[in-house]
Amino acid sequence: MENLLITVDGDMEIHEYDLNSFRKTKISFGRDPSNQIVLKAGTVSKEHGIFEFVEDSLYIYDNNSTNGLVINNKTYKTDSNGETEIHRLNDGDVILVGGQRDKGSSSMGVMMIYRTRRTPGVWQKTAVPPHGSVVMGRSSQCAVRLDSINVSRRHAVVRQENGIYEIEDMNSANGVFVNGIRVIGKVQLHDKDIITIANTMVFFINNILLYKSNTDGTRVVMRDVSRTVPYKGKKRYILRDVNLTVEPNEFIAVIGGSGAGKSTVMNAMSGFEQATSGRVYVNNIDLYQNYQILKNMIGYVPQQDIIYENMTLHKMLEFSAKLRITEDVSASERERRIDEVLKMVELYEHKDKYIRSLSGGQKKRASIAVELLADPGLFFLDEPTSGLDPGTEESLMKTLNRLSKQKGKTIIMVTHTTQNLHLCDKILFMGKGGVVCFYGSPSECMDFFKVDNLTEIYNKVLTDKDVEYWSNMFKSRYTAPNGDHGRSGKIQKQKKSSFLRQFGILTARYMTLIKNDRQRLLMIFVQPVIISILLALVAADDVFDIYNSTQSIMFAVSCAGIWVGLFNSIQEICKERTILKREYMANLRLGAYVLSKFAVQLLLSIIQALMMMLLFAMTVGSPEKGVIFKNAFAEMFIVMTCTIFSSSAIGLAVSSISKNSDKAMTTAPFLLIVQLLFSGILFKLQDATEKISYLTVSRWSVSAFGTICNLNSLEMSIPNMPHEAEEIYDYTAANLCTSLTVMLGFAAVCAVLCIILLRNVSKDSR
């Protein structure tokens, strides 16, 4: 691990020091030239402080200076007894030497930033002119250009007016933070403030903006994190007092037995399931307080693949990029990003292949590629190697290791396998009840548990006493994170992508999926043809002349439409529930998603209804005239469209509540039986059963078809045998419009129901 120190003195001179190069246990800093690190500022004492290496950690403390140290907003100063508090340095710590912060302002001194990894690029300085402004963003026209897909074209602006400096968020997609607190509108800037935009830190020092164009890594700190759930009237810990630090660009494996809290600790660290108590800081920003704005910079790959198999890899990534990346990214930038991501996961040569033709390991890398599109600095994977053969697993682990070291990603992975954990930087071993038993490198882990291979550890942590023993042993050796890692702020909602834009993208994606699924597409359009032929075979010669024959065939036509609609949609949402969950957590609008499903289903309903009614009219015939139009065919087509569409809506509602396709399909026979029983054709309905029938599509579909055929005016098959006229078949435009309106109303209610049901998709278990 590198130990780098960046200093900015009173003359705005920037220096970088490799503390390892001094080859000393103690490194002094101060104003006097005798120090290893000389700081130019009048407020810095001659021998101001000391850096000290203790084993693998680096500490800093005050050396009886006049003005002390301010580290992450906390003051460290030698007291009257000559004692001083020491601070263990963590990546990204900001140290103010010879200056004091007070209510947001700071006196002049030297600013030092500690890093554990050297970032490429050169430090750049941009002055904020008097009565002028400096725009920061991704655009090449910005004075401070930050080249990251997470940075908006014009992200923020710093202004100076009458000696007062302000920073304003220019309606950016991923927000602006000053000293870890989200900027809402605009706020005043003070000397030595730290501006965070995406993964880049910009330092505001003496009216100068100091930055590197390359983004830095992501650091995570968990402090006293616990999570409880109700259990037999009490609280049960599923995560207890977790304290750990994940440094930038580390590859971490979370392992442990069943019920040890592996997924719980990962979900708490990622913010997907917030802890009951404690705090998580991402680059010194409180994750829980700012989750809505930070979640776009967090990647999460669940155990199930988050890709559509009936789509080419490139097309899949294109749609995902449109949904995940900010709207101001051009098509060429988006295409360039897709190519970059494909090269990262070594799938570039497979980009035009259908995902269904890829191997298991390639599909897993494709899921990773989807998450990499938004360039997250923090990356979580839930058992990515599950189900892979040893060779493919090793290849994937090497890919993840390379992403963490070469592409600036901090990766946390839950896994059960142990054979390739040597490729990880650290291992987090969890015990029952969500207790940390060990956190450190793989070699340290084997030394700690005194085993020859990592698999043997599981046999050493079986009982509650074992967990307690190893946990206490680890705590006695581990130094918890210290210092102020951020400040709390108001929870703010992130600006979401526009509804219409998401609706357009999702509709295009859904239509592409249907077009690419040739087998299903064939069923969708062959089914109406076969049904129409079968209807023609059973239809009597006296249809539209005799009451019994006409009522029977119209009932059959209605049931056929209901079946077609249910078949179209009942698996459409549940089969992509895993993908929906991830996209919803990344700011997908459920309304846009549901409406896209309904829009495509409406189009399919129109096409299928037209096919069915055309064939039916050609083989069986149609009434001579309609209720509203001169041609009854137009009315029958509209009724069939509404029948199929409203049934599709019911299918989508059932699909929204079902966790998988099998469960959804088991409800299909029940739904059809209900439609048959309460249609009013097979049985005479009265009282409660008649009221129930008002809630079925079949009742209103049969009513509409019967109205068009003017059933009340037709004679029975037995001559001179009268039949009672039924109100639902009244030959009036009002009656027909009522039936159509109710069926469309069913569709609208189902759409709202889908949105409500899907709000819980984020709570699905893995």
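Is there a residue in segment 180-196 that is in contact with a helix residue (DSSP H, G or I) (Cβ under 7 Å, 6 or more places away or on another chain), over 21 Å from residue 114 (Cα atoms) and either of a type in the set (Lys, Arg) or not in a strand (DSSP E or B) (or both)?
So in segment 180-196, the residues in contact with a helix residue (DSSP H, G or I) (Cβ under 7 Å, 6 or more places away or on another chain) come out as 182.
From what's left, over 21 Å from residue 114 (Cα atoms): 182.
Applying the additional criterion that residues be either of a type in the set (Lys, Arg) or not in a strand (DSSP E or B) (or both) yields 182.
Yes, segment 180-196 contains at least one residue that is in contact with a helix residue (DSSP H, G or I) (Cβ under 7 Å, 6 or more places away or on another chain), over 21 Å from residue 114 (Cα atoms) and either of a type in the set (Lys, Arg) or not in a strand (DSSP E or B) (or both).
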Of a type in the set (A, V, I, L, M) and in a loop (DSSP other than H, G, I, E, B): is that true of residue 676 in this structure?
no
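May I ask you to verify whether residue 634 is over 22 Å from residue 603 (Cβ atoms) and at pLDDT 85 or above?
No; evaluated as a whole, the condition is false for this residue.
Residues are listed down the side, and each one gets a yes or a no for (1) within 30 Å of residue 117 (Cα to Cα); (2) in contact (Cβ under 8 Å) with a residue 60 or more places away in the chain:
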residue	(1), (2)
315	no, yes
325	yes, yes
332	no, no
337	yes, yes
349	no, no
395	yes, no
399	yes, no
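Of all residues in segment 1-50, count the ones that are in a strand (DSSP E or B) and either farther than 17 Å from residue 71 by Cα or without any contact (Cβ under 8 Å) to a residue 40 or more places away in the chain (or both). I'd like the intermediate steps shown before the answer.
If we filter segment 1-50 for residues that are in a strand (DSSP E or B), which is where we start, we get 4-8, 14-18, 26-30, 37-38, 49-50.
Restricting the remaining residues to those that are either farther than 17 Å from residue 71 by Cα or without any contact (Cβ under 8 Å) to a residue 40 or more places away in the chain (or both) gives 14-18, 26-28, 30, 37-38, 50.
Qualifying residue count, segment 1-50: 12.
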A careful count of residues in segment 585-608 that are touching a residue at least 60 places away in the same chain (Cβ under 8 Å) and open to solvent by less than 30 Å² (accessible area, probe 1.4 Å) gives 15
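Out of all the residues in segment 271-280, which are within 16 Å of residue 410 (Cα to Cα) and either of a type in the set (Lys, Arg) or at pLDDT below 90 (or both)? Talk me through it step by step, then tell me what you get.
Going residue by residue through segment 271-280, those that are within 16 Å of residue 410 (Cα to Cα) are 271, 280.
If the condition is that a residue be within 16 Å of residue 410 (Cα to Cα) and either of a type in the set (Lys, Arg) or at pLDDT below 90 (or both), then 271 is the only one that fits.
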All-but-one check, residue 506 against (1) modelled with pLDDT of 90 or more; (2) more than 30 Å from residue 681 (Cα to Cα); (3) open to solvent by 20 Å² or more (accessible area, probe 1.4 Å); (4) in contact with a helix residue (DSSP H, G or I) (Cβ under 8 Å, 6 or more places away or on another chain), failing number (3)
Per the filter on segment 334-374, residues assigned to a helix (DSSP H, G or I) and small (Gly, Ala, Ser) are 357, 360, 361, 366, 367, 369
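With assigned to a helix (DSSP H, G or I), surrounded by 12 or more Cβ atoms within 10 Å (Cβ to Cβ), hydroxyl-bearing (Ser, Thr, Tyr) and modelled with pLDDT of 90 or more as the only criterion, which of 656, 762 stands out?
Values: 762 fails: modelled with pLDDT of 90 or more.
After ruling out the rest, the residue left standing is 656.
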Checking 165, 211 in turn, the sole residue that is open to solvent by less than 20 Å² (accessible area, probe 1.4 Å), under 15 Å from residue 127 (Cα atoms) and either more than 23 Å from the chain's Cα centre (by Cα) or in contact (Cβ under 8 Å) with a residue 12 or more places away in the chain (or both) turns out to be 211
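Which ones in segment 121-140 are open to solvent by 60 Å² or more (accessible area, probe 1.4 Å) and modelled with pLDDT of 90 or more? Don't jump to the end; show me each part of the working.
Taking segment 121-140 first, the residues open to solvent by 60 Å² or more (accessible area, probe 1.4 Å) are 122, 124-125, 130-131, 133, 140.
The answer is 133, and nothing else.
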Reported set for segment 168-182 where residues are more than 23 Å from the chain's Cα centre (by Cα) and open to solvent by less than 40 Å² (accessible area, probe 1.4 Å) is 169, 178, 179
Restricting segment 62-87 to residues that are over 23 Å from residue 179 (Cβ atoms) and in contact with a strand residue (DSSP E or B) (Cβ under 6 Å, 6 or more places away or on another chain), the one most open to solvent (accessible area, probe 1.4 Å) turns out to be 86
**Q.** Selection status of residue 287, over 27 Å from residue 183 (Cβ atoms) and not polar (S, T, N, Q)
**A.** no
- Query: Quick one: would you say residue 16 is of a type outside the set (S, T, N, Q), exposed (fewer than 14 other Cβ atoms within 10 Å of the Cβ) and under 24 Å from residue 193 (Cβ atoms)?
  - Reply: yes
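For segment 488-501, check the following and say yes or no: at least one residue is modelled with pLDDT of 90 or more, assigned to a helix (DSSP H, G or I) and not aliphatic (A, V, I, L, M). Talk me through it step by step, then tell me what you get.
Within segment 488-501, the subset modelled with pLDDT of 90 or more is 500-501.
Of the ones still in play, those that are also assigned to a helix (DSSP H, G or I) are 500-501.
Still in the list and also not aliphatic (A, V, I, L, M): 501.
Within segment 488-501 (the criterion being modelled with pLDDT of 90 or more, assigned to a helix (DSSP H, G or I) and not aliphatic (A, V, I, L, M)), the answer is yes, since at least one residue qualifies.
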Residue hits (segment 677-690; modelled with pLDDT of 85 or more and either surrounded by fewer than 16 Cβ atoms within 10 Å (Cβ to Cβ) or among the basic types (Lys, Arg) (or both)) are 688
Residue hits (segment 336-355; open to solvent by 40 Å² or more (accessible area, probe 1.4 Å) and either among the small types (Gly, Ala, Ser) or within 21 Å of the chain's Cα centre (by Cα) (or both)) are 340
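The values are calculated or read from the model by the stated rules, or taken from the named source; none is laboratory data. Everything numeric here is computed off the predicted structure, so don't read it as measured data. Cβ coordinates were reconstructed from backbone atoms using ideal geometry, including for glycine residues, and neighbour counts include every protein chain displayed. Side chains are part of the model used for accessible areas, which takes the heavy atoms of the whole protein and leaves out ligands, DNA and RNA. Shrake-Rupley method; radii C 1.70, N 1.55, O 1.52, S 1.80 Å.
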